[in-house]
Amino acid sequence: MRFFLSLLLGFLLLAGPLRAEPLTREALADQIIPPFLLGEPVNDKGVWTLENAGGITAGYVFETEPLAPLPGFSGAPINALVMLDLEGRFLDVKLIAHNEPIFVSGLGQAAFEQFFTQYRGHAISAPMVVGTPYGESGGTSALVYLDGVTKATASVRIAHESILAATLQVAREKMQGVSTQPPAYPDPKVDEALTWADLVAQGLATRHLVTNAQIDAAFAGTLWEDDDPDAKADPEGAFLDLWIVDLGPPSIARAVLDAASFAELQEFLTISTFDEPILLIEAGRHGLVTEEFVRNTSPDLISAEQFGLPVALRDSDLLFSLNDSMPDRLKDGTAMILRTDRRLGFDPTEDWTLHIEAVREHGSFMPQVGSVTLSSTQATDARFFARDEVPKPLPPWRGALRERRIDLIVLGAGLALLLPVLMWRQSQLAALRWFTPVRLGLLALMTGFVGWWGQGQLSIVTVIGVVRAAWEGGSYAFLLYDPFSLLVWAAAIVGFVVWGRALFCGWLCPFGAMQEFAHHIGRALRLPQIEVPARWDARLKGVKYVVLAGLIGLIFVAPGVLDTAAEVEPFKTAVTTFFVREWYYVAYAAGLLLLSAVLFKGFCRYICPLGALMALGGVLRGRDWIARRAECGSPCQLCSVRCKYQAIPRTGKIDYAECFGCLDCVKIHDDPAQCVPLVLKARERRKAA
């Protein structure tokens, strides 16, 4: 055993970490969906720009693994390709590569690939979780629920976390305009008596004044510098005298509009609940729109931006009048109410910029048109607004606990009953007249509930993932995504100290239980049983350690073949997929069960790499939990002969590294009708009597 431990440590010391390289430009370009094209690289972590047909940046495309290499159950990250537009919406998400055992050769790729299609159209500002709504939300929850994949929820959660982690990195670094909090909306509880003078004094109404001299200076040196004679005639006159007022808060709107217009605006906002109305008043020469402008469309001379991203403005098509208290020069000006959707990321409490285009024409026949942009930045006091509390999704591990809570309670209760019985009442259990049916009933529960229902079959794949995480400095968080299996692992590890490998291999392993059922079926059919000679039995029991060492070594030498090599375990076929797989996997698993019908649990004893790990874990065992007598082994050989695991050599001492805790020897030891020393002592007492 020390040799195999040294071998494992040697692999860990000699090998190095391996990570995937980002896709090449050619490979990445093939993945881009029309009408977008691959642009230029942004950094060395696989982030590229997306361009539209005109060569303008339209978004970003990137891989998740270089940005967020969260390890999956195989220990390798799940790599997805994410296409994101400039407004923070997912254009597409595609699976590139993964090593998740359940999908590689279990459920198949299609189910995993289908999961990624659910991101399309969703904004990263919307909180998304994998699962189903909890409780009676009535469909009003702000959370976006993504359907998981049955039997693979843990892997799907890891993929989801990788996508969000990578996407938020890109959003923070390259898309500062993406809002990651709920939009602000006018707080109906705020009701202040304000006047126009109050709005001006508090900066709630902002003015942008451009004189004729200033606009002439803007066009100076261009073809159009002399094309505005009115500006030349009145240099100090107002070319643009623009006032900007956010009418979303009722207190502000009431100070600007007359009573009828205010009522009409409030009625409009009850229908368009996400629109933020912006009042523009222009008292200069410029005006706000051209003669070609059509109501209820985007204004042709006005645009806006916030956080470096465009803000969509649209005419509200409202007829209104200003409050009588407003200055006459403003009431005589040109006014219109625009609207923008807060759901698209517009935040009225943060600085945003309004752009007005000033246009001049040169020549009378087919004139040449030139323009300059006049900009004004403003924001509205946050005291007039409120925000919905951000619905915080549960951490993935808590979500997994919530979804499996009933299963965990049942499993915990079962372990709470089984472990004390095995600890303090094993002799009474073994002495039961119907012990074999009782044991088989418990094993049936392990197969049905822990295995097929709970998907709690432990696997060497988890161990491989832990080793990779340790070597590459990764996270162990992937273990928390499957709390059911984690509870079984906890019981197995506790069992190391008390029973060695016997607790898991003999009582908690679903595939081990299947092999035991196969053995009893073989006995019932009177199939000939294979008895392996002691010398060959000892040699064959070393094979599982070689298999374990080989799998650990592949982590560092050839990680690409790990998924195939791990199929030495038939657990995925027999337990995870209910034997619904490719025929050769089914043939392998079924063949091992048929072997068990004639060779008692041959896979567990000779091949199973997880069993080898359990045996190594048994070095933590702190007691010899099976009672022995001085006569055991010399002269009595009954337990040695009866032990189907061949875990009792001729010396009579238990080989706990190979003991599966079947309690057959305990039953013999405590039975005065079977234990040879007890039978002999009883005869002596009868003779003496």
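Yes/no matrix, rows are residues, columns are (1) in a helix (DSSP H, G or I); (2) of a type in the set (A, V, I, L, M):
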residue: 375; (1), (2): no, no
residue: 383; (1), (2): yes, no
residue: 393; (1), (2): no, no
residue: 401; (1), (2): yes, yes
residue: 408; (1), (2): yes, yes
residue: 414; (1), (2): yes, no
residue: 444; (1), (2): yes, yes
residue: 447; (1), (2): yes, no
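Please verify whether region 446-463 includes one or more residues that are of a type in the set (A, V, I, L, M, F, W, C), over 21 Å from residue 100 (Cα atoms) and open to solvent by less than 40 Å² (accessible area, probe 1.4 Å).
Yes.
Right, residue 414: free of Cβ contacts under 8 Å to residues at least 12 places away in the same chain and open to solvent by less than 50 Å² (accessible area, probe 1.4 Å) or not?
Numbers: free of Cβ contacts under 8 Å to residues at least 12 places away in the same chain: no; open to solvent by less than 50 Å² (accessible area, probe 1.4 Å): yes.
No: the conditions fail for residue 414.
Only one of 340, 436 is farther than 30 Å from residue 154 by Cβ and under 35 Å from the mean Cα position of the chain (by Cα). Can you tell me which?
Numbers: 436 fails: under 35 Å from the mean Cα position of the chain (by Cα).
Just a single option satisfies the conditions, and that option is 340.
Name the residues in region 264-314 that are in a loop (DSSP other than H, G, I, E, B) and of a type in the set (Asp, Glu), would you? Explain how you work it out, then say what you get.
Step one: filter region 264-314 for residues in a loop (DSSP other than H, G, I, E, B), giving 272-274, 283-301, 307-308, 312-313.
291, 292, 300 - these are the residues of region 264-314 that are in a loop (DSSP other than H, G, I, E, B) and of a type in the set (Asp, Glu).
How many of the residues in region 203-217 are in contact with a Leu (Cβ under 8 Å, 6 or more places away or on another chain) and open to solvent by 30 Å² or more (accessible area, probe 1.4 Å)?
Result for region 203-217: 3.
In region 77-121, how many residues are in contact with a helix residue (DSSP H, G or I) (Cβ under 7 Å, 6 or more places away or on another chain), of a type in the set (Gly, Ala, Ser) and under 22 Å from residue 44 (Cα atoms)?
Selection size over region 77-121: 2.
For residue 599, indicate whether it is over 19 Å from residue 467 (Cα atoms), out of contact with any Leu (no Cβ under 7 Å at 6 or more places or on another chain) and open to solvent by 30 Å² or more (accessible area, probe 1.4 Å). Can you show your working first?
Details: over 19 Å from residue 467 (Cα atoms): yes; out of contact with any Leu (no Cβ under 7 Å at 6 or more places or on another chain): yes; open to solvent by 30 Å² or more (accessible area, probe 1.4 Å): no.
No, not satisfied.
Go over the candidates 399, 412 one by one and state the one that is more than 30 Å from residue 227 (Cα to Cα), within 39 Å of the chain's Cα centre (by Cα), small (Gly, Ala, Ser) and modelled with pLDDT of 90 or more.
Working: 399 fails: modelled with pLDDT of 90 or more.
After applying the criteria, what remains is 412.
How many residues are at pLDDT below 85 and either open to solvent by less than 70 Å² (accessible area, probe 1.4 Å) or on the phi > 0 side of the Ramachandran plot (or both) if we restrict to region 2-51?
Summing the residues that are at pLDDT below 85 and either open to solvent by less than 70 Å² (accessible area, probe 1.4 Å) or on the phi > 0 side of the Ramachandran plot (or both) in region 2-51 gives 13.
Filter region 437-476 down to residues that are over 30 Å from residue 149 (Cβ atoms) and in contact (Cβ under 8 Å) with a residue 60 or more places away in the chain, then give me how many there are.
The first filter runs over region 437-476 and keeps only residues over 30 Å from residue 149 (Cβ atoms), leaving 437-442.
Right, trim to in contact (Cβ under 8 Å) with a residue 60 or more places away in the chain and you get 439-440, 442.
So the answer is 3.
If I filter region 255-263 for residues that are in a loop (DSSP other than H, G, I, E, B) and of a type in the set (S, T, N, Q), do I get at least one hit? First the steps, then the outcome.
Residues of region 255-263 that are in a loop (DSSP other than H, G, I, E, B), as a first pass: 258.
Applying the additional criterion that residues be of a type in the set (S, T, N, Q) yields none.
No, that holds for no residue.
Take the residues in region 375-411 that are within 30 Å of residue 351 (Cα to Cα) and in contact with a helix residue (DSSP H, G or I) (Cβ under 8 Å, 6 or more places away or on another chain), then tell me which one is most open to solvent (accessible area, probe 1.4 Å). Write out each step before concluding.
Filtering region 375-411 down to residues within 30 Å of residue 351 (Cα to Cα) leaves 375-393.
Checking the rest, the ones that are also in contact with a helix residue (DSSP H, G or I) (Cβ under 8 Å, 6 or more places away or on another chain) come to 380, 384, 393.
Details: 380: 12, 384: 3, 393: 54 Å².
Out of the qualifying residues, it is 393.
Go through region 326-357 and report how many residues are open to solvent by 80 Å² or more (accessible area, probe 1.4 Å) and either touching a residue at least 12 places away in the same chain (Cβ under 8 Å) or touching a Leu at 6+ places or on another chain (Cβ under 6 Å) (or both).
Within region 326-357, the subset open to solvent by 80 Å² or more (accessible area, probe 1.4 Å) is 328-329, 332, 343-344, 351.
Subsequent filtering for residues that are either touching a residue at least 12 places away in the same chain (Cβ under 8 Å) or touching a Leu at 6+ places or on another chain (Cβ under 6 Å) (or both) retains 329, 332, 343-344, 351.
Looking only at that region, the number is 5.
Kindly establish whether residue 593 is in a loop (DSSP other than H, G, I, E, B), modelled with pLDDT of 95 or more and within 26 Å of residue 525 (Cα to Cα). Reasoning before the result, please.
Values: in a loop (DSSP other than H, G, I, E, B): no; modelled with pLDDT of 95 or more: yes; within 26 Å of residue 525 (Cα to Cα): yes.
So residue 593 does not fit the description; no.
Restricting the search to region 604-644, which residues are in a loop (DSSP other than H, G, I, E, B) and farther than 23 Å from residue 667 by Cβ? Steps first, please.
Applying the first criterion (in a loop (DSSP other than H, G, I, E, B)) to region 604-644 yields 607-608, 621-631, 633-635, 637, 643-644.
Listed by number, the residues that qualify are 607, 608, 622.
Residue 360 fails exactly one of the following numbered conditions: (1) under 43 Å from the mean Cα position of the chain (by Cα); (2) of a type in the set (Lys, Arg); (3) surrounded by 15 or more Cβ atoms within 10 Å (Cβ to Cβ). What is the number of that condition?
(1)
Need the failing condition index for residue 258 against (1) over 30 Å from residue 121 (Cα atoms); (2) in contact (Cβ under 8 Å) with a residue 40 or more places away in the chain; (3) crowded, with 20+ Cβ neighbours inside 10 Å, just the number.
Residue 258 satisfies all of (1) over 30 Å from residue 121 (Cα atoms); (2) in contact (Cβ under 8 Å) with a residue 40 or more places away in the chain; (3) crowded, with 20+ Cβ neighbours inside 10 Å except (3).
Among the residues of region 516-537, is any polar (S, T, N, Q) and loosely packed, with under 14 Cβ neighbours inside 10 Å?
First pass over region 516-537, keeping only residues polar (S, T, N, Q): 529.
Those still in the list that are loosely packed, with under 14 Cβ neighbours inside 10 Å too: 529.
Within region 516-537, one or more residues are polar (S, T, N, Q) and loosely packed, with under 14 Cβ neighbours inside 10 Å.
The values are calculated or read from the model by the stated rules, or taken from the named source; none is laboratory data. Please read these numbers as outputs of a predicted model, since none were measured by experiment. All Cβ positions, even for glycine, are placed from backbone atoms using ideal geometry, and neighbour counts span all protein chains on display. These area figures cover heavy atoms from the full protein model, side chains too; ligands, DNA and RNA do not enter into them. Shrake-Rupley method; radii C 1.70, N 1.55, O 1.52, S 1.80 Å.
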